[in-house]
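These notes are about the structure you will find just below.
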Amino acid sequence: MGIAEGRAYFRELGLEDRVQEFTVSSATVELAAAALGVEGARIAKTLSFKNGDGCMLILAAGDARIDNHKFKEKFHFKAKMLSAEEVLEMVGHPVGGVCPFGIKPGIPVYLDESLKRLRMLKFLIINGPNINMLGLREPDIYGTENYRSLQQFIYHCCVQEDIEPVLYQSNHEGAIVDRIQAAYGDADGIVINPAAYTHTSVAILDALKAVRIPAVEESFRRISYPGMACLKTFAGLGFEGYREAILFLKDYLEKNNPSA
C-alpha cells in the first residue's frame, strides 16, 4: 500500500493521524523493527495464501511461523503462499507493502494467535488549541520544530516502550471533551496538553474526572484546571515533557496494575 492510498483509506475512518511516515524502508519485519527501534515480534506481518481460486490473508506477529499441520487442520487445504505477482494482482498491494487495509473486496483476513501475547498499553495523547501551529507560532518561545515533529517524537517514545499511541489534536473545547469521553473503556491512560484551555476549562477537568482514566498533564502554565484531575504535571520541558509524562504513566500503570 502506498502512503497516499494509506492516508486516503484511514482518512475515511477518521484515523489519518495514525499513519506514520519514515525516511527509511519498513518493507520487511527486520527493517520495520529497526525503523521503530523495537523487537521483530512487535511488528505485525501480513501473509498471503492461496484459497481456492482466490486468496486469504493472515496477520501474525513478526517472529511467528506458520504451522503447516495446524493450517491444514483449520482450513482443510495445504498452505501455499502467493507469488509476488499474484499478491499484487489478487490483494492489490505489492510485496513489501501488504497490509490488511484497503485490499480488494472479498478477501478473508485472519488474526493469528501469536498476536495475543503482544498486548500493549494504549495511551491517548491529546493536544489542545494551536499546538498544530508549532514552529510557526512564536518560535522564540515554543521552538522551531513543527507539530509533525512532535507527532513523530511521541510516536517513537511510545513504540519504544511497547505502548500504542493514539494522537489527537483539536482547537475546540467540546471536541476535546468528546474525545476524552470516547476513550472510556478503550484507553489505558491519557497524556494531555490542554494548551490555552489549561487555565480555563472546567469542562475538560470534568471529562477527565468522569472517565477516571489515569492521566498526566504536559503544560507550562502555573494554573491548570485539567491538571487537577491528573496524577502529575510536567511543565516547561518541551518535547521531553511528553516523554516524561509517558514514562511516568507507564510506570504508574505497571505498579498499580501488574497485568498491564
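Annotations
- Residue match in the range 6-20 (condition: more than 22 Å from Val166 (Cβ to Cβ) and either of a type in the set (A, V, I, L, M, F, W, C) or at pLDDT 85 or above (or both)): no
- For Leu136, the conditions (1) modelled with pLDDT under 90; (2) surrounded by 15 or more Cβ atoms within 10 Å (Cβ to Cβ); (3) out of contact with any Phe, Trp or Tyr (no Cβ under 8 Å at 6 or more places or on another chain) all hold with the exception of (2).
- The residue of the range 242-253 that is surrounded by the most Cβ atoms within 10 Å (Cβ to Cβ), among those that are closer than 21 Å to Gln152 by Cα and not basic (Lys, Arg), is Ala245.
- Residues of the range 192-206 that turn out to be within 22 Å of Asn257 (Cβ to Cβ) and either without any contact (Cβ under 8 Å) to a residue 40 or more places away in the chain or in a loop (DSSP other than H, G, I, E, B) (or both), as a count: 0
- For the range 212-241, a residue qualifies if it is buried (at least 19 other Cβ atoms within 10 Å of the Cβ) and in a helix (DSSP H, G or I), and the qualifying residues are Pro226, Gly227, Ala229, Gly241.
- Thr198 buried (at least 16 other Cβ atoms within 10 Å of the Cβ), touching a Pro at 6+ places or on another chain (Cβ under 8 Å), modelled with pLDDT of 90 or more and not basic (Lys, Arg): yes
- The range 233-260 residues that are at pLDDT below 85, paired with ones that are surrounded by 15 or more Cβ atoms within 10 Å (Cβ to Cβ) and among the small types (Gly, Ala, Ser) (beta carbon under 7 Å, 6 or more apart): none
- Any hit, the range 103-111, residues being assigned to a loop (DSSP other than H, G, I, E, B), modelled with pLDDT under 90 and surrounded by 14 or more Cβ atoms within 10 Å (Cβ to Cβ): yes
The values are calculated or read from the model by the stated rules, or taken from the named source; none is laboratory data. Note that the coordinates shown come from a computational prediction; the quantities given were computed from them, not determined experimentally. Because the Cβ atoms are built from the backbone with ideal geometry, glycine has one as well, and the counts that use them run over all protein chains shown.
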